[in-house]
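The values are calculated or read from the model by the stated rules, or taken from the named source; none is laboratory data. Bear in mind that the values here come from a model prediction, so they are computed numbers and not experimental data. Positions of Cβ are backbone-derived with ideal geometry, glycine not excepted, and every protein chain shown enters the neighbour counts. Please note that ligands, DNA and RNA were not included when accessible areas were found on the heavy atoms of the full protein model with its side chains. Shrake-Rupley method; radii C 1.70, N 1.55, O 1.52, S 1.80 Å.
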Amino acid sequence: MFGMVEFMTFSMSLAFGAITTVFWIWMLIECATKEPSGDERVIWILVIALTHLIGAAVYFFVRRPKRMAEHGA
């Protein structure tokens with residue numbers, strides 16, 4: 001049987017995995033729908049898709065603010 005510590009560890013791991021996956025999907029959709037068309041969109045989609053959380057975080061903190069300032073969306 002699971003003890004309280006094991007249950008909490010499992011629950012926190014499951015929650016973290018679910019949250020990061022939702023964030024990853026959000027960044028993929030955001031990039032695919034709002035990034036201006038061209039090679040840069042394809043490159044960012046590949047970066048996000050292949051590096052999961054790291055790529056999504058880089059896109060969110062580096063490219064997304066720049067795109068929003070340039071294109072307003």
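Data for the structure
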| item | result |
| --- | --- |
| Search result, residues across the range 23-45 that are open to solvent by less than 100 Å² (accessible area, probe 1.4 Å) and within 12 Å of the chain's Cα centre (by Cα) | Phe23, Trp24, Ile25, Met27, Leu28, Ile29, Glu30, Cys31, Trp44, Ile45 |
| Residues located in the range 1-39, provided they are within 20 Å of Ala69 (Cα to Cα) and at pLDDT below 90 | Lys34, Glu35, Pro36, Ser37, Gly38 |
| Selection status of Ile19, out of contact with any helix residue (DSSP H, G or I) (no Cβ under 8 Å at 6 or more places or on another chain) and either surrounded by 10 or more Cβ atoms within 10 Å (Cβ to Cβ) or in contact (Cβ under 8 Å) with a residue 12 or more places away in the chain (or both) | yes |
| Answer residue from the range 57-73, given it is open to solvent by 60 Å² or more (accessible area, probe 1.4 Å) and not small (Gly, Ala, Ser) and is nearest to Leu28 (Cα to Cα) among those | Val58 |
